[in-house]
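The structure appears right after this line, and notes come after that.
The values are calculated or read from the model by the stated rules, or taken from the named source; none is laboratory data. What you see is a predicted model, and the numbers here were worked out from it, not measured in a lab. Reconstructed Cβ throughout: ideal geometry from the backbone, glycine too, with neighbour counts over all protein chains shown. Heads up: the accessible areas ignore ligands, DNA and RNA and are worked out on the full protein's heavy atoms, side chains in. Shrake-Rupley method; radii C 1.70, N 1.55, O 1.52, S 1.80 Å.
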Amino acid sequence: MTGSTILETTNLNLWYGQKQALIDISLHVPKNRVTALIGPSGCGKSTLLRCFNRMNDLIDSSRITGEILFNGSDIHDPRADVYAIREKIGMVFQKPNPFPKSIYENVAYGSRIHGVGDKKELDRIVEESLKGAALWDEVKDRLHEPAHSLSGGQQQRLCIARSLAVGPEVILMDEPCSALDPIATAKIEDLIIRLARDYTVVIVTHNMQQAARASDYTGFMYLGRLVEFDKTTKIFEDPGEELTENYITGRFG
């Protein structure tokens, strides 16, 4: 793999109670690229994604062994600041979840929490973040309208802008287009590709065409294991594992 690694797992295992959801996952996520995780429902894709910013900490029954490095540092080190980790590794969920606030306040929220109070600075952050999420031109004249007045696709891009506003390095996206129509999906896919110029993007998707179109690298997961990880063109055109080929060609899953 060329380029530097920003996230790395080594022999990562995760249990929810007695059930093991991830088994010996070793993975290198390249910086400033789009990595897609594919596989059938229940294979561990979203669980792995949530490991990267310690969202699984919120589930009392979860237990992890192995190592996850972010920029070479162990995110489970007792001295690690989980809030700083989540600031640098943002999450966009399957269903858009804007706050019950205005469009402006949704984007400004994180900066306000981190102590930014200057109106000009907040205006700059909001504008740059909305531009980064390809939403500024559509909302610049309605910033003080409720975020829930936006369409589903616009709400999802607003959630991406909200993530960008706190200066992340990595953006995790869990099925970001599953609730959207084809036109909105195409806009999100275009945005994902553009975001990789400045950020590292990891997406979970059931849509193999989406993985093929929008990602540089793809990992195929099955029953909690990472079966194969390689450049997306290799995975889809010449997979190294029969299990991967069977999934991609629709023989199972």
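Rounded to two decimals, the Cα radius of gyration of the stretch 132-175 over 2.2 N^0.38 Å is 1.18. Seen from all directions on average, the stretch 108-237 presents a Cα convex hull projection of 9.2 nm².
Structure note, pairs 19/231; 131/187; 45/88; 95/231; 45/101; 45/95: Cα-Cα distances above 24 angstrom occur for 19/231; 95/231; 45/101. Where Lys and Arg each count +1 and Asp and Glu each count -1, what net charge lies around residue 122 among other residues with Cβ under 14 Å from its Cβ? That sum, taken over residues with Cβ under 14 Å, equals 0. Note that the stretch 116-243 presents 46 Å² accessible area per residue, ligands and nucleic acids not counted, probe 1.4 Å.
Once Rh for the stretch 68-183 is found with the Kirkwood sum over Cα pairs, what is the Stokes-Einstein diffusion coefficient at 10 °C and 1.306 mPa s, in µm²/s?
107
With the alpha-carbon atoms of the stretch 1-144 aligned to their principal axes, the span from lowest to highest coordinate is 50, 34, 34 Å, starting with the largest.
Just to be sure I understand: of the beta bridges DSSP finds with both ends in the chain, what percent are antiparallel, rounded to 5? Don't jump to the answer; show the numbers that get you there.
Values: 25 of 42 bridges.
Around 60 percent of the beta bridges assigned by DSSP in the chain are antiparallel ones.
Given Cα positions, please report Rg to Rh for the stretch 156-213, the hydrodynamic radius being the Kirkwood one.
Working: Rg = 10.9 Å, Rh = 11.7 Å.
Taking Rh as the inverse mean 1/r over Cα pairs, Rg/Rh reads 0.93.
Toward the positive end of the charge dipole of the stretch 182-253, with +1 on the Cβ of Lys and Arg and -1 on the Cβ of Asp and Glu, the farthest Cα among 204, 226, 252 is that of 204. The accessible surface of the stretch 48-129, taken with every protein chain in place and a 1.4 Å probe, is 52 percent carbon and sulfur.
Summarising the overall dimensions of the stretch 43-108 from its C-alpha atoms, the Rg and Dmax are 14.1, 42 angstrom. Ligands, DNA and RNA aside, residue 112 has an accessible area near 110 Å² when probed at 1.4 Å.
Of the chymotrypsin sites (Phe, Trp or Tyr not before Pro) found in the stretch 207-253, the ones in coil according to DSSP and having at most 12 other Cβ atoms within 10 Å of their Cβ are 252.
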